[in-house]
Structure formats: structure tokens, C-alpha cells
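Asker: Below: one structure in C-alpha cells.
The values are calculated or read from the model by the stated rules, or taken from the named source; none is laboratory data. Keep in mind that what you see is a predicted model, and the values were worked out from it rather than measured. Here the Cβ positions follow ideal geometry from the backbone for every residue, glycine too, while neighbour counts run over all protein chains shown. Each accessible area value is taken on the protein alone, full model and side chains, heavy atoms only, with ligands, DNA and RNA left out. Shrake-Rupley method; radii C 1.70, N 1.55, O 1.52, S 1.80 Å.
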Amino acid sequence: MTLKLYNSATRKKEVFKPIKNDHVGIYVCGVTVYDLCHIGHARSAIVFDMLIRYLRARGMKVTYVRNFTDVDDKIIKRAKEMAEETSDLANRYIKTFYEDMHTLGVLDADIEPRATEHINDIINMVKILVEKGFAYVIDSMVYFSVEKFKTYGALSGRKLEDMIAGARIDVDENKKHPMDFVLWKGAKPGEPQWDSPWGKGRPGWHIECSAMSCKYLGNTFDIHGGGRDLIFPHHENERAQAMAANGVNFANYWMHNGFLTVESEKMSKSLGNFITIRDAIRLYHPQVLRLFLLSKHYRSPLDFSKTSLSEAKSGLIKIYRTLQRLDEEIGPYDASNKIKIPAFKEAVNGKDFKSTFLGAMDDDLNTAAGLGLIFDKVKGINRLLDKSPTIDKIKAKLSKERNDLLSCANILGLLEETPAKFLENILRGASDIKKDEVEKLIRERNEARSIKDWAAADSIRDNLCDMGIILEDKPDGTVWRFKTNDA
RNA sequence: GGCGGCAUAGCCAAGUGGCUAAGGCAGCGGUCUGCAAAACCGUUUUACAUCGGUUCGAAUCCGAUUGCCGCCUCCA
């Protein structure tokens with residue numbers, strides 16, 4: 001089995017071969033910390049989180065680097081508006097970033113460098129670029145000369161000539177070429193600034209990623225990722241800087257996740273449809289969001305709509321219900337037994353469930369197909385449960401099926417909660433409902449049922465239903481749960 | 001203007017040359033139940049945008065058409 005990944009640089013699916021056998025280096029562009037993260041950030045974070053989990057599950061060692069951009073124009077502007085230090089603003093939003101990501105079950109990266117902590121690395125790289133003639137200095141500004149770098153445009157698939165035609169008019173007059181971009185910006189009063197050979201100033205946007213990725217992963221590394229919109233200019237420029245400075249190839253594979261729209265419209269502040277992760281988790285359980293975000297291939301555009309989210313929710317509840325049935329029949333899942341990474345290194349004979357799942361994931365991380373398999377498995381488990389779960393042989397089979405299901409789901413970062421906890425959270429109704437009262441009513445109803453007073457029994461059940469409570473009469477008694485309240 | 005992507009049933013979404021075109025959601029019918037709920041089974045008129053072409057054979061390859069979208073400017 002071979003993992004194939006779509007490489008944005010070649011616009012083809014390619015067999016993934018790490019530079020060092022079984023040790024993968026990945027750099028993903030993180031966030032600029034000047035505001036709360038939105039659901040687009042969530043998609044990107046979850047997609048790459050899934051990639052990392054998958055590589056590890058397949059037995060690879062992974063060094064995952066994800067940066068924070070903590071100095072740039074937007075941060076400076078926002079800090080001015082809020083009348084606070086840029087560093088305070090950045091720290092505040094770094095904190096909310098972690099909170100949001102942890103809620104979504106996104107694992108921390110191994111290395112999480114900040115631009116402001118790598119000013120020396122950045123200055124060194126700019127220095128090299130100037131020395132090698134790829135950059136020029138005008139006053140206190142340093143520019144990268146795109147004409148000096150022969151393969152400029154190769155990543156994003158565009159030609160310099162085409163870009164000039166579409167270039168904006170308000171080009172910085174100092175630039176030798178309209179597409180030249182800033183490596184180092186001269187300081188303005190009141191802005192964060194550092195000493196440099198070109199006077200006080202701060203780094204341009206792209207250079208931090210070139211400097212930090214090479215510092216932690218080497219001049220050439222395996223995978224560089226980010227949102228689709230970063231291909232140009234950010235990644236194009238990153239690549240140009242790093243390759244010009246180091247004289248070797250930069251990232252071998254470029255991966256870009258597709259964009260999220262909201263009710264079929266592009267998410268933008270002007271349209272007022274900007275959904276932060278915090279807004280989203282107020283309406284939807286984080287696991288529902290995660291399932292939704294992985295329900296379509298990561299490179300395709302995905303529409304964040306009420307109906308899609310509610311479909312994801314129904315699907316996830318179905319799975320957790322099955323897990324709960326399993327808990328009841330064969331006992332709770334032993335978390336210590338959980339996913340011994342690598343979960344997939346052995347036990348791949350090509351026909352079993354895990355192999356099939358692996359096959360889907362190996363095809364450029366086809367999570368949609370993988371989820372299809374998970375739902376198939378759930379149906380299979382339900383059938384077994386409907387049969388006769390008391391037979392030891394079936395119990396053993398159920399236990400294995402659950403292990404398989406959960407080890408696959410874990411790669412997607414799903415099904416990590418206990419069913420009891422998940423269902424209680426998601427099926428929550430009016431919070432003022434008293435447990436004792438509900439149980440008292442259920443006892444009354446059962447008394448009515450025992451004397452076959454169906455009218456009285458049904459009336460009690462209807463009342464409970466109005467309170468948002470659904471009853472299920474099972475062979476060994478009546479259980480109740482809150483009605484799904486659709487967000 | 002330049003570059004690129006997408007179009008699969010009521011909705012969401014896999015499948016990129018060959019068995020009955022995954023899976024989910026919703027609806028309907030059935031089994032179960034006192035009735036329900038949950039689960040299971042079945043089902044939802046011709047589901048592969050249109051028109052040509054290549055091929056023994058295409059949703060899948062090629063061309064044209066229509067429609068939608070993204071990037072080219074900060075953006076995940």
C-alpha cells in the first residue's frame with residue numbers, strides 16, 4: 001500500500017516518499033494572530049491534523065511545524081485600534097487559538113515558532129539574499145527581485161508577464177518590477193521594530209515562513225501545507241526566497257486545502273457571514289463540526305450550510321448510539337486499549353476493514369470514502385447487536401469490530417468521547433428539567449401500562465415529549481433521553 | 001483580461017474505462033412495539049449538466065456548449 005498525495009506544485013497525485021525513511025517533516029502555515037479564528041481556519045487545521053494522525057498511525061515519525069505570525073500590518077493596525085501592545089494582542093489571540101483548536105480535537109504541533117522569536121534567522125536569510133543578488137535595498141526597505149529567480153511562478157502556475165497585466169496600479173515606485181515584494185520593512189514610529197543591517201525595521205510577511213521552516217526542518221523538507229489562497233503570493237514567495245537563499249529545492253510536496261463557503265457565499269467580513277469557531281461551537285458540537293469538515297475531500301470547496309451541519313449531526317448521533325449499545329452489551333471501551341500507534345503498521349492483509357480504510361486514505365486522504373466505510377461498519381455492528389449479543393463468540397466479534405472502528409475513526413479525530421458523554425451533551429434539552437421528576441413520570445406511566453391504561457400512558461409520554469424528552473421502552477425497562485434540538 | 005477548479009438522485013457526498021454507480025441525511029413502506037422510540041430490511045418515476053467524438057465498452061478519456069466557483073489584492 002502506498003500513500004499518494006496531490007502535489008499542488010506538479011498538479012498531480014504523486015507517491016509520497018519522505019526524504020528520510022519513515023521520518024516526515026511538515027510545515028503548515030498557521031494563523032496571523034489579530035482576531036478570533038474562523039471556521040475556515042478550523043478546516044485547514046483539521047485537515048492537516050488528520051494528515052499528521054494518519055502518517056503517525058501508519059508508523060511514520062513526524063515533525064510537525066506550525067507557525068504563528070505575530071507581527072504584521074493587520075496586527076499593528078488592530079493593536080492601535082485597541083490601544084494595546086502588539087505583543088499583548090498577539091498573545092491574547094494565540095491563547096484563543098489554542099482554546100479553539102483543543103475544543104476541536106486538533107493536536108498541537110511539535111514546534112510552534114513565532115515570527116518575533118526568529119528575527120535573527122530572518123535577518124540572516126535576507127542578508128544572504130542581498131549578498132547573492134536576489135534582493136536589493138532602497139532606503140530602509142529590502143525587496144526581493146522576482147526577475148532574478150528564474151522559476152518564479154512555477155508553484156502557482158503563472159507567468160510573470162501575465163501577472164504584470166493584472167497587476168494593480170498603485171505599485172510601490174521603488175520596486176524594480178511590479179511583482180517584487182518586501183523582505184524587510186523600514187520602521188515607522190510606534191511600530192514594533194528590530195535592529196538590522198538596513199536600519200530599524202520588521203520582516204515582510206513571507207520571509208518568516210522561509211526562515212522558520214528551513215531552520216526546523218532543513219533547507220529541503222517533505223511537505224508544506226496551507227489554505228488554497230496561500231499558493232499565491234505567500235507560498236510562491238516563500239519558495240522563491242528559500243530556494244534563492246539556499247540554492248536547493250524547498251518543499252517536495254505542497255498541499256493546499258480547499259475553501260469553505262457559508263450558505264454558498266464566500267465568507268467575508270463585508271458580507272457579514274464570518275463565522276468564528278466560537279460561534280460555530282455554540283451551535284454545533286465540535287465533533288459534528290469535525291465530521292462535517294471531513295465529509296468532503298480536503299481539496300474541494302465545502303459549503304457550511306445549516307442543512308449540511310444538521311445532516312452531519314444526525315449521522316454522528318447514529319454512530320454514537322451504536323457505540324452506546326456496544327457499551328451496554330459488551331461493556332465500555334477500554335481507553336487504555338486505545339489505538340496503539342502505529343495502528344496500521346501490521347494487520348493489513350488487503351481485505352479486512354482497516355486495510356480498506358487505509359486504501360481510501362492512501363488515495364490522497366479520501367476521508368469521504370473513509371467515512372462511508374465507517375458507516376458501513378456501524379450498520380454491520382448494529383446487525384450483530386440485533387442478532388444475539390449474549391453469545392460469547394458474537395461478543396468477541398463485536399469487541400474486535402469496535403476496536404477497528406475506533407482506530408479508524410481516531411485518525412479522523414472522531415469518536416473520541418464516550419457515547420454517554422457525547423449523547424448527553426448533544427441531546428441536551430431545556431436545562432431546567434429535573435431528573436427525579438422525569439423518572440417519577442416514567443414510573444407513573446409504567447404503572448398505567450401495567451394495567452393497560454394506554455390512554456394515560458400515552459398522555460404522560462406526550463407531556464414528556466413536549467418537555468423535550470423521548471422515551472424508549474426496552475425489554476429491561478424504559479430509558480429516556482433528550483430530544484435532538486436542531487441548531 | 002490571465003490561470004485554475006467544479007457540475008452524480010429531494011439534499012450532502014464517494015467513485016476517473018468494464019460486476020446490480022459507495023455511504024450519509026430526509027421521506028415512504030415493512031419487521032419489532034400495546035402504540036411509539038431506537039435498530040434492522042425494503043423503497044424514493046430515466047441520479048452521472050448538454051451535445052458530439054474515441055472505444056468492444058465512458059459518469060470516468062478528448063472536443064465544444066451551458067452554468068457555478070476560486071486565485072490573480074490581505075485572506076485558511
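Asker: Do we have any residue at all in region A:99-109 that's assigned to a helix (DSSP H, G or I), more than 14 Å from residue A:71 (Cβ to Cβ) and open to solvent by less than 50 Å² (accessible area, probe 1.4 Å)?
Answerer: Checked region A:99-109: at least one residue is assigned to a helix (DSSP H, G or I), more than 14 Å from residue A:71 (Cβ to Cβ) and open to solvent by less than 50 Å² (accessible area, probe 1.4 Å).
Asker: Given the conditions (1) touching a residue at least 12 places away in the same chain (Cβ under 8 Å); (2) surrounded by 14 or more Cβ atoms within 10 Å (Cβ to Cβ), which single one is not true for residue A:394?
Answerer: (1)
Asker: Also, quick follow-up: Looking at region A:437-457, which of the residues that are over 26 Å from residue A:325 (Cβ atoms) and of a type outside the set (Gly, Ala, Ser) is farthest from the chain's Cα centre (by Cα)?
Answerer: A:451
Asker: Filter region A:133-163 down to the residues that are over 13 Å from residue A:175 (Cα atoms), among the aliphatic types (A, V, I, L, M) and either crowded, with 16+ Cβ neighbours inside 10 Å or not assigned by TED's automatic domain parsing to the domain that holds residue A:235 (or both) and list them by number.
Answerer: Hits for region A:133-163 are A:154, A:155, A:163.
Asker: When you go through A:122, A:94 one by one, which is the residue that is in contact with a helix residue (DSSP H, G or I) (Cβ under 6 Å, 6 or more places away or on another chain) and assigned to a helix (DSSP H, G or I)?
Answerer: Testing whether each residue is in contact with a helix residue (DSSP H, G or I) (Cβ under 6 Å, 6 or more places away or on another chain) and assigned to a helix (DSSP H, G or I) leaves just A:122.
Asker: Now a separate question. What is the residue count in region A:21-47 for residues that are open to solvent by 30 Å² or more (accessible area, probe 1.4 Å) and assigned to a helix (DSSP H, G or I)?
Answerer: Residues flagged as open to solvent by 30 Å² or more (accessible area, probe 1.4 Å) and assigned to a helix (DSSP H, G or I) within region A:21-47 amount to 1.
Asker: Does region A:184-199 contain any residue that is under 22 Å from residue A:137 (Cβ atoms) and among the aliphatic types (A, V, I, L, M)?
Answerer: Within region A:184-199, one or more residues are under 22 Å from residue A:137 (Cβ atoms) and among the aliphatic types (A, V, I, L, M).
Asker: Return the residues of region A:264-282 that are farther than 12 Å from residue A:103 by Cα and at pLDDT 90 or above; say none if nothing qualifies.
Answerer: Listed by number, the residues that qualify are A:275, A:276, A:279.
Asker: Next question. What is the number of the single condition among (1) over 20 Å from residue A:361 (Cβ atoms); (2) touching a Gly at 6+ places or on another chain (Cβ under 9 Å); (3) within 14 Å of RNA strand B (Cβ to nearest atom) that residue A:19 does not meet?
Answerer: Only one criterion in (1) over 20 Å from residue A:361 (Cβ atoms); (2) touching a Gly at 6+ places or on another chain (Cβ under 9 Å); (3) within 14 Å of RNA strand B (Cβ to nearest atom) is unmet by residue A:19, namely (3).
Asker: Yes or no: residue A:244 more than 19 Å from residue A:101 (Cβ to Cβ) and either touching a residue at least 12 places away in the same chain (Cβ under 8 Å) or outside any loop (DSSP other than H, G, I, E, B) (or both)?
Answerer: It is true that residue A:244 is more than 19 Å from residue A:101 (Cβ to Cβ) and either touching a residue at least 12 places away in the same chain (Cβ under 8 Å) or outside any loop (DSSP other than H, G, I, E, B) (or both).
Asker: Out of A:485, A:403, A:463, I need the residue that is at pLDDT below 85 and either open to solvent by 40 Å² or more (accessible area, probe 1.4 Å) or within 30 Å of residue A:47 (Cβ to Cβ) (or both). Which one?
Answerer: Checking each option against the conditions leaves just A:485.
Asker: OK, next. So which residues in region A:1-20 are β-branched (Val, Ile, Thr) and surrounded by 11 or more Cβ atoms within 10 Å (Cβ to Cβ)?
Answerer: Once the filter is applied, which keeps residues that are β-branched (Val, Ile, Thr) and surrounded by 11 or more Cβ atoms within 10 Å (Cβ to Cβ), region A:1-20 yields A:10, A:19.
Asker: Same structure, new question: Out of (1) out of contact with any Cys (no Cβ under 8 Å at 6 or more places or on another chain); (2) within 15 Å of RNA strand B (Cβ to nearest atom); (3) under 29 Å from residue A:48 (Cβ atoms), the odd one out for residue A:161 is which?
Answerer: (3)
Asker: Take the residues of region A:276-326 that are charged (D, E, K, R) and away from RNA strand B (no atom under 13 Å from the Cβ): which is nearest to residue A:398 (Cα to Cα)?
Answerer: Ranking the candidates gives A:290 first.
Asker: A further question follows. Among (1) within 16 Å of RNA strand B (Cβ to nearest atom); (2) surrounded by 19 or more Cβ atoms within 10 Å (Cβ to Cβ), there is one condition residue A:201 misses while meeting the rest; what is its number?
Answerer: (1)
Asker: Then there is this: Does residue A:295 meet the test of being of a type outside the set (Phe, Trp, Tyr) and free of Cβ contacts under 8 Å to residues at least 12 places away in the same chain?
Answerer: Against the criterion (of a type outside the set (Phe, Trp, Tyr) and free of Cβ contacts under 8 Å to residues at least 12 places away in the same chain), residue A:295 does not qualify.
Asker: When you scan region A:255-263, do you find a residue that is within 14 Å of RNA strand B (Cβ to nearest atom) and among the β-branched types (Val, Ile, Thr), even just one?
Answerer: yes
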